[in-house]
Amino acid sequence: MTPDDLVLLRRARDAMDRDYAKPLDVPALARVALMSPGHFSRSFRAAFGETPYSYLMTRRMERAKALLRRGDLTVTEVCFEVGCSSLGSFSSRFTELVGESPSAYRARSHDEGAAIPACFAKIFTRPVRNGEAGPSPAP
């Protein structure tokens, strides 16, 4: 992979970071990276260690966690706010990455992280990819 390829892949990754709530698919992201969809998917995985879809869903779940901690939106509203179109798929993916359902996550107290600066909180609350979520916290 050339340095120019990495620049183009970062451009697509930045688009996912910025536009996570918009409908994004591999062909659209490949156009941003000026690559064919197949080449883009293979190159993205080689460069970043995960598929474009997995990366996008992690971004969406990070934002969903922040919105659920805020507590002023329902789980359904959060689902649509982060760009998911199916509540069932959103809940399944959230549970897979976070280790508890969106409703349970929203319902429990998040006061223990209130004193942590946002830049550190983002690191510690980042969803774990590939189903590596630990056991759910006790209620």
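The values are calculated or read from the model by the stated rules, or taken from the named source; none is laboratory data. Keep in mind the model is a prediction, meaning the values are calculated, not measured. For neighbour counting, all protein chains shown are included, and Cβ atoms are generated from backbone atoms with ideal geometry for every residue, glycine included. Ligands, DNA and RNA are excluded from the accessible area calculation, which covers all protein heavy atoms including side chains. Shrake-Rupley method; radii C 1.70, N 1.55, O 1.52, S 1.80 Å.
Miscellaneous remarks
- Residue check, E96 open to solvent by 70 Å² or more (accessible area, probe 1.4 Å) and at pLDDT 95 or above: no
- Single condition V75 does not satisfy, out of (1) open to solvent by less than 30 Å² (accessible area, probe 1.4 Å); (2) farther than 21 Å from M16 by Cβ; (3) modelled with pLDDT under 95: (3)
- Residues that are open to solvent by 60 Å² or more (accessible area, probe 1.4 Å) and not in a helix (DSSP H, G or I) were ranked within region 1-19; the one that is modelled with the lowest pLDDT is M1.
- When residues of region 20-49 are limited to those that are within 25 Å of C84 (Cβ to Cβ) and in a loop (DSSP other than H, G, I, E, B), the one least open to solvent (accessible area, probe 1.4 Å): A33
- Any hit, region 48-60, residues being free of Cβ contacts under 8 Å to residues at least 40 places away in the same chain and more than 30 Å from Y105 (Cβ to Cβ): no
- Verdict on K65 being surrounded by 14 or more Cβ atoms within 10 Å (Cβ to Cβ), among the basic types (K, R) and either over 13 Å from the mean Cα position of the chain (by Cα) or modelled with pLDDT under 95 (or both): yes
- Evaluation of T58 against (1) open to solvent by less than 70 Å² (accessible area, probe 1.4 Å); (2) modelled with pLDDT of 95 or more (one fails), failing number: (2)
- Output for region 83-93, where each listed residue is outside any loop (DSSP other than H, G, I, E, B) and surrounded by fewer than 17 Cβ atoms within 10 Å (Cβ to Cβ): L87, G88, S89, S92
- Conditions (1) assigned to a helix (DSSP H, G or I); (2) open to solvent by less than 40 Å² (accessible area, probe 1.4 Å); number of the one not met by F80: (2)
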